[in-house]
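So the structure is just underneath, and the comments pick up after that.
The values are calculated or read from the model by the stated rules, or taken from the named source; none is laboratory data. The model shown is predicted, which means the values in this text are computed figures rather than measured ones. Here Cβ is always computed from backbone atoms with ideal geometry, including for glycine, and neighbour counts include all displayed protein chains. Only protein heavy atoms, including side chains, enter the accessible area calculation; ligands, DNA and RNA are left aside. Shrake-Rupley method; radii C 1.70, N 1.55, O 1.52, S 1.80 Å.
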Amino acid sequence: TNDTFPINIGSAFLNGKVVEIDSEFMAVTHVDSSGTLYVKRGIYSSTVAAHTAVTGGSTCSCTSNGTASGGSTCGCTAVKLVYMGATDVTVGNGIDSMTGYLGSACRIGTSFVSEGCNPIGYNFATGARTFQSAAIEAQFSREANWASACASGSAFTCTSNCQCSAASKLSSGEFGNVNFGNNASIASPANPLSYPQDAATTLVLATDSSSGSVTIAVASAADLTGKYIRIGDEIMYVVKATRGIVEVQTYQAFGGDSCSCTVEGVASGGSLCVCAGGSHGSGCTTSGTLSSAGGGGSGFSASFTIETNTSLLPSGFKTITVTQPGENFRARPSVLIDTGGSGCTGQIFNPVLSTNVLSVLRAQFGTTISGHALGSTVSRVVWPAQTDSTKPGLQYHWRIAAYNKAGMSDYIYFNSRLFDVFPRTLAASGGELLEIVLVGGGVTASNYTVYVGRLNSSGLVDLDFSRACTALQVLDVAGTRMSCRSPAWVGATHDLIVQAKSGSVHQIAVGNSWMKYRAPFITSVAPAAVDAGVAVNITIVGRNFGTKSYEASAKFVGATGEIACKPLTIVTDLKAVCTLSPKPTDTLDGNIVLTIGNSSTGGGQEAPTGEQTAIQEKAAPVEVQATVPLNIVDIPAGSPERLAVETQFKSDLVSALGVSASRIEIRDIVAGSVIIIFVILPDPNNLAAASPAALAVELSAQAADPNSALRQGAITSQVTVSLPPGTAELAAAEAAATTAASSSTVPLWESSCVPKSYTAFDMEICYDCCTYVCELGEQIPQVGGQNVLPGYRAQVCQGLCLKHCGYARPITFPTV
């Protein structure tokens, strides 16, 4: 039931404020000179309750500085200052100064996160930033007075200044006008003096307005390093807590903890107090300053005055005022007279060290260096954020309308906006790091979802045709930069959608048609040589296939028409299987055309066709007879000796022709010395490989040359070869056809990427496609008939593609 209680810190600044003890809120109506707070209990509908000064058991107690003793479970009950704005000094260490590259730009990349982001180019003149277009002035309660009557109860009939616990609607109108008890002012977000403050401690030494004053002494330095503090209208940055000199004593006080001595040795604190063990000197004729030597520190300074009252002679030191505590003292230094002090002798200086000294940078964010009196409140400057840095806090969404005699305008509402995202082209496998630039984002990722997809007709996320990003992170406290991992998907065109849901607030920001997935690319098909008129499974290998068969299609396109893959199975993002079932009249000489994506994924994209996608019917095998000087009797059928001859003979052919052993098939061995009858087969996986006819002609030529690789073989050293009639003619015809085809071959990056027109948009699309295929495709560009080296490939491709896509074409100007 008490409505007064003492508090153990300088508490005058709490007058008129709201404090919280446990879960009860109290309004401070008065603070007397002893530090006793007079309060109104149980405000904001909180419950009046008893509060103990110490918790943890009967053995616990609290010292005068608020530290608990008596065991690890002991604690002193905190009296917390309540302030409006939902803020937390742990967010961004107070003020956020990340105003963007050169104060405005926003550079994409994780290495630039520390610069901050300023996508709208707001002029944060003082170098402090918030995400709001305006900030609420600090120190207002959240409770509102409503202009209309209360919804129920005895106050229902009141007409003005009604204190209602809940809102009520005006007849045929909006809620009543909100009044914050005081008027809530709208302040510039670039003005840190309008930010909330969190009272932390008090000055134990006055500060002056000198720019050289870089250390200050406070009652407690706890949790201030690396934060911004405010004293009066000056903001400072705390570089570190250090050890400095806060007092210079000339006598020691005896008689109890309450005893103290003046510089001249006058005791106070009780009748038992005495001053001894020192001296304030004598013979002084001028005042002056003090400095220090030793102790490992620097920067200490103090001023002193001397006694000029002749009745109190011999004159000595009268007052000593520390003007700069200094820093980094490891041990007690010697205090010396720096200036003045003429004639002073016999004085004894005892410096008092304290770790509650702050090394500071003065006059931050456009404020002015000022002198501050002893006992001034030192507050943390709190960046507008939330009460818990791990959870969304209160977020105020304002709407604004103009009003005059002509009536009221439409309302303007808060809205989030997207500015950029990188990259915009994604791998189908997903997992790429996306970095998003926006305004209106939150401090934490809670309640936010990023989608690649589209909206439905109602303007909401179409969850059937959208995919959510994972691992969403907010990269700064101003809500201007976030990152996530892209979803695995496919498609030619998608929107980037950032959705925020928090209670009744539902915000959607859209980057229309910003996103696309990389087009599929085929590196090989197998088999590439197929049997005519026979169903076959073609394995397609490449990248960016996605994972869903229903989002893909494929077909064979040849001279006699098209054959659909039925079915097409997407095995992985890197592999698919196409089943072709040709008719007897179909000629399988053409390309596999793969399309990934459809209308449900923002459109399909075709993989470029070329040598790597081509299939054709197998060339006819050629039967060859080779005669070697062996006795058929020595190698009977089924014997180990015959197996050894067959194995060695095949090895000799493979070595001589440079082909796979799978292309040599021995059919029979007959007498006549020994005649080995074998077949040379086509290569099913390499359309560029030599045909059976060409290999047979090559074999015949090597048999006639005693220095050839064939004639160096263990079995084939004396071989003779007999070919079927017409084999040489067939080989020549195939070679002529291959030469004609290769001479007319257009590079893949040119055939796959053609500008629809010579407009800037179509030329850019052509250039992006061309450089992608040229730099990453299987076909290597050439200069002077030679493949370019890997280190020069990108440069060569860019030059080729600029020319191909029209950037180097002649420009004609209209005549007048």
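Some observations on this one:
- The value of relative contact order for the stretch 421-536, using C-alpha pairs under 8 Å at least six residues apart, is 29 percent.
- Accessible area per residue, Å², the stretch 239-303 with all protein chains present, probe 1.4 Å: 47 Å²
- Counting heavy atoms of the protein chains alone, R243 has an accessible area of about 90 Å² for a 1.4 Å probe.
- With contacts taken as Cα pairs under 8 Å and at least 6 residues apart, the stretch 210-314 reaches a relative contact order of 15 percent.
- Value of relative contact order over the stretch 677-803, rounded to a whole percent, pairs C-alpha under 8 Å and six or more apart: 15 percent
- In the full protein context, the stretch 425-473 carries 41 Å² of accessible surface per residue, based on a 1.4 Å probe and ignoring ligands, DNA and RNA.
- Put simply, the amide H of S376, placed in the peptide plane, has neighbours under 5 Å in L203, leaving out anything fewer than 5 places away on its chain.
- Of the solvent-accessible surface of the stretch 558-657, computed with a 1.4 Å probe over protein heavy atoms with every protein chain present, carbon and sulfur atoms account for 52 percent.
- Pairwise centroid distance, computed over Cα atoms, of the stretch 661-712 with the stretch 587-645, Å: 16 Å
- Probe 1.4 Å, all protein chains present, accessible-area order of E551, E611, E327, E665, largest first: E611, E665, E327, E551
- Accessible surface of the stretch 253-361, 1.4 Å probe, proportion on carbon and sulfur as whole %: 53 percent
- Alpha-carbon spread of the stretch 210-277, three principal axes, descending order, Å: 44, 25, 23
- For the stretch 476-612, the fraction of alpha-carbon pairs lying more than 24 Å apart is 42 percent, rounded to a whole number.
- Placing pseudo-labels 7 Å out from each Cα toward the beta carbon at S549 and D589 gives an inter-label distance of 3.2 nm.
- K618 exposes around 80 Å² of accessible area when a 1.4 Å probe is run over every protein chain in place.
- Probe 1.4 Å, protein heavy atoms only - accessible area per residue of the stretch 591-669 in square angstrom: 47 Å²
- Accessible-area order (highest first, 1.4 angstrom probe) of the listed residues W489, W514: W514, W489
- Rounded to the nearest 10 Å², the accessible area of H51 at probe 1.4 Å: 60 Å²
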